[in-house]
Every structure is written in C-alpha cells, then in structure tokens.
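To start, the structure under review is shown below, and the notes come after it.
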Amino acid sequence: MKLYDIISKYNCKVYTPDIMKNIEINYAFCSDLMSDALMILNSVKDQGILDESALITGLTTNQSIRTAEMLDVQVVLLVRGKVPSTKVVDLANESNIMLIATESTMFNTSGMMYQDGIKGIIYNQQW
C-alpha cells in the first residue's frame, strides 16, 4: 500500500512533509517498547522488508525515531492522537524518517492495515 494511501485512508497528520516519499508499505510492527522493536526488527535479514516497513507506536520521544533510524525503517506512525514535540519532529527530519500520526488506537490501526494487506513482522521468521 502506498504511504500516501495510508495517510489518506487513516486520516494521518504528516509531521515531516518536507521529506515525504510515496514509498510502498507492505510490512508493519507495533510496540511502545523500543527494546521489543529492536529485537524483532533486528531479526529481519532482508533489507528490502525493512525498506517497506512502518513502525507503529504511541511513543512520542526521540527513542522511536532513533530506533527507526537504527533499523533503517523509513516510517514511524504514531497512534492514539499522540502529538510529538518539536524536538522529535526536528530529529525525524534530520534522520530522514517520515513521521505521521493518527487518532486511531494501535489495535485498530494494526487491524485496518492488516485488512488492507500489510503483513506483520514476526520475530525470527526467516524472510
């Protein structure tokens, strides 16, 4: 699914419009614990999967951006109407991470994405 379609369909606010790219999102992972995100996403050996992934989180700190940066994930999707600070938005821009947000809960966002064909990333699955 194209990122622009996700933004439109899930009524997302775009916090980094200057770096928007219409990339394909085919995979996603959600967590508010960045240690879990690192563990699971680090198990992915195919860089192409990470290039097509979004990290879904309610964590609006620098940690979510740094985690995405370390894993080469290009999109962080904030849920539950969370609003990032200016420092977090600045870091996302500096790190070339697309930061978007929706009012939907993590559960509903994940369900809608799955229904739209976006696959979940499973720990230690051989991709």
Next on the checklist: So I have (1) 13, 47, 34, 5, 0; (2) 14, 40, 26, 14, 6, 1; (3) 14, 51, 32, 2, and one of them is P(r) over Cα pairs in 10 Å bins from 0, in percent calculated from this model. Which one is it?
Outcome noted: (3)
Checklist entry - Which distance in nm do the two modelled labels at Thr61 and Ser8 give, with both placed 7 Å along the Cα-to-Cβ direction? => result 3.7
Checklist entry - Around Cys30, which amide H atoms from residues at least 5 apart in sequence, or from another chain, sit under 5 Å from its own amide H, with H modelled in the peptide plane? => result Ile56
Checklist entry - If the label point is 7 Å along Cα→Cβ of Lys119, which residues in segment 1-24 have backbone nitrogen under 15 Å from it? => result 1
Checklist entry - Can you give the calculated 222 nm mean residue ellipticity of the chain, where each DSSP H run of n ≥ 4 adds -39,500 (n - 2.57) and the sum is split over every residue, rounded to the nearest 500 deg cm²/dmol? => result -11000 deg cm²/dmol
Checklist entry - So how far apart, in nm, are the two label points at Met20 and Asp72 if each is 7 Å from Cα heading toward Cβ? => result 2.6
Next on the checklist: Quick check: net charge around Val83, other residues with Cβ under 15 Å of its Cβ, Lys/Arg +1 and Asp/Glu -1?
Outcome noted: +2
Checklist entry - In segment 1-109, which GluC sites (Glu not before Pro) are in a loop and have at most 16 other Cβ atoms within 10 Å, using DSSP for the loop call? => result Glu103
Item to check | Choice from Val79, Val89, Val14 with maximal GNM fluctuation in the chain (Cα, 10 Å cutoff) | outcome: Val14
Checklist entry - Using θ = phi - 60° and the Karplus form 6.51 cos²θ - 1.76 cosθ + 1.60, what ³J(HN,Hα) does each residue of segment 68-73 get, whole Hz, x for Gly and Pro? => result 4, 4, 4, 9, 6, 8
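Just so you know, all these numbers are worked out from the coordinates, no wet-lab data involved. The model shown is predicted, which means the values in this text are computed figures rather than measured ones. All Cβ positions, even for glycine, are placed from backbone atoms using ideal geometry, and neighbour counts span all protein chains on display.
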